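A.B. asks: The structure under discussion is supplied below as structure tokens; questions concerning it will follow.
Every number in this text was worked out from the coordinates using simple rules, so none of it is lab data. Note that the coordinates shown come from a computational prediction; the quantities given were computed from them, not determined experimentally. Note that each Cβ is placed from the backbone with ideal geometry, even for glycine, and that neighbours are counted across all protein chains shown.
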């Protein structure tokens, strides 16, 4: 059975603000997610991260343990953790290219106080785009 996890966190240091840090995160995620048959999408916005991950429960749990121990993340909040019938994400890891525009379309100003319902709405907006 497939599951979806959406989490938000605070980026530590240069995480998500420098092109190099984003490239490193995407590269590592691509390799790991292909190995673990996970798909996902990540957004960096004003020092915060929002990520959607989909795959098998055991693989998602292993990834979440790594993220909780990752010094590039602080205050990790799991917003959504649920079984799904099909994937919304097709790639092992993709980058949300214009987070400000997507947040604006969802009627949000940022990630820090995002709710589960708002995160799901943003996922639907991204799929529809």
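A.B. asks: Report whether or not residue 74 is out of contact with any helix residue (DSSP H, G or I) (no Cβ under 8 Å at 6 or more places or on another chain), surrounded by fewer than 18 Cβ atoms within 10 Å (Cβ to Cβ) and either without any contact (Cβ under 8 Å) to a residue 40 or more places away in the chain or at positive phi (or both).
C.D. replies: no
A.B. asks: Right, next: Can you tell me how many residues in segment 97-113 are assigned to a loop (DSSP other than H, G, I, E, B) and either over 13 Å from the mean Cα position of the chain (by Cα) or surrounded by fewer than 19 Cβ atoms within 10 Å (Cβ to Cβ) (or both)?
C.D. replies: Here the count works out to 9.
A.B. asks: I need every pair where a residue in segment 43-57 that is touching a residue at least 12 places away in the same chain (Cβ under 8 Å) and at positive phi has its Cβ under 9 Å from the Cβ of a residue that is surrounded by fewer than 20 Cβ atoms within 10 Å (Cβ to Cβ) and in a strand (DSSP E or B), sequence separation at least 6 or different chains.
C.D. replies: 47/10; 55/2; 55/3
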